[in-house]
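Below you'll find the structure, written out as structure tokens, and then a few comments.
The numbers here are math on the coordinates, done by the rules we state, and not lab data. This one's a predicted model, so the numbers in the text were calculated from it and none came from an experiment. Virtual Cβ from ideal backbone geometry, glycine too; neighbours counted across all protein chains shown.
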Amino acid sequence: MSESRPMSIPVLPWMRNPVDVEHFNECPLVLVPRLDPRLAEALQKMGITSLFSVQVAMWMETIGPGAFERDICVNSPTGSGKTLAYALPIVQILSTQKIRCLRALVVLPTRDLALQVKEVFDAIAPAVGLSVGIAVGQSFIADEVTKLITQPRLDMISIFDPEDWRQTKLQSSVDILVATPGRLMDHINTTKGFSLEHLRYLVVDETDRLLREAYQSWLPAVIQLSCSKGLSLFKEPAIVPSMLNSLTTIRRVGVERGFKDKSYPRLVKLMMSATLTQDPSKLSQLCLHHPLLLTSGDRRYKLPEKLEAYKIICESKLKPLYLVVLLQDLIGEKSIVFTSSVESTHRLSKLLNLFGELPCKIREYSSFQHQFVRSKRLKAFREGKIEVLIASDAMTRGMDVEGVKNVINYDMPSYVKAFVHRAGRTARAGHKGRCFTLLRKDEVTLPIYFLLLIYIFKVYSIYVANISLPFYFNSTVKYKLWSRYRDKRIQNESNTKGKRKILKLRHPIQI
């Protein structure tokens, strides 16, 4: 490994002296201070016997001496355990308060990632009596409302006093909500009884992506609504109790804990990403309170420790055939092939399935498919029924599939961040993995290649994989493939209005 390139100095002062989570060692569950025995038992059922470094660091800054006194930003490699790092302390602290209202909100950029995070909360929250909800647009909004909002009991309302109906408030039926920004704004704008006035914890997972895209200005709305009950320290309004004894949270503004003009109890914010932005204009949207930065190592971008990276220089016209040869060598191992766009994903999937020589099962995973189809294929991929998944960059963010041995960049990523997130689908949680990048000869002169050369290839051990095409690939199979594909229209199996839909490829693939 060659010497690291010196990091640029961040503009924000609090980012210049981060806490290195690598200084924390893995900690067995029996030694984690103040861990609820019910949570320890739930973790053991998940097969977890110890906490990783980033999880130990987060525990110390939340449940330990830190006690949620500061907002926390975590910049840690993919697969290091960031989801459990924030889920565990939030569930621990909420379990000590026996009330039912929405107190923790986790926002993620995609539905698939939100479903994955909810599975983590579902594994530990019920053990301490907490309820977890999800709002991702996977179902009708009316179905979500029935699960998120508790309707008042009619037997508790007096039929002789109409005022009881006016004072009745709808209450949240979940303690923790996992949501995507779009559906979250739908509930904020249209769902009666959906309130953020009791919100105590806000988690922004994949922070750089959520800050890069507006998503209907969800962040200013959440911050404003969660602090809407801010009141003066010396002036409290009269609270009229209703017959149902509705919960009311009063946020006072004063000098609590030495911070002037800050509402208290305040909204604690946790930012998580493998490629956290350093842009002050974007981070200012979060209104962070005395933030603390947790990083892994002294580099801004870091790959998993046990990842082996390979680059393959191939001829432009024969690039699909190089992929076929590589997949033949990786038979029996789970692999994810990344392309540059959804259309490229669809074309490449169709092309590879034309090969009768590939014994592995190859499927497409993209937004061309319905959410139900994607969830079904992801489940089959996890179970090993599908060996190769063709996907776009939509799957690079946070998706955790156990047993992925190989990641193949069929199209070179456009940004260094994209390479980091793609490669992070393998070598997760201390396991070994490999990342192959197929490069055309003309791509080695592109600026992105030189950035990868600086940030990735010269920092981590990079190998050159020499793949020679067999003779029959240059003759028989090449002719067989081209003769099938040249003038043939690919028929989509789905029917549209009772007729078979004929799909023409916009960009023919060169062989």
*Measuring from centroid to centroid over Cα atoms, what is the spacing of segment 36-81 and segment 343-385 in Å?*
35
_Listed peptides 198-205, 318-325, 19-26 by packing density, highest first (mean Cβ within 10 Å)_ = 198-205, 318-325, 19-26
*Distance between segment 264-328 and segment 192-209 - C-alpha centres, whole angstrom*: 23
*Two-site FRET efficiency, N25 against Q97, from Cβ-Cβ distance with R₀ of 35 Å, rounded to 0.05*: 0.65
*Select from segment 1-100 those trypsin sites (Lys or Arg not before Pro) which occupy a DSSP coil region and have at most 15 other Cβ atoms within 10 Å, ordered by residue number.*
R16, R34, K98
*Anything over 23 Å Cα to Cα? Flag those among K82/K306; K45/K405; K302/K432; K118/K306; K282/K417; K379/K405, in the order listed.*
K45/K405; K118/K306
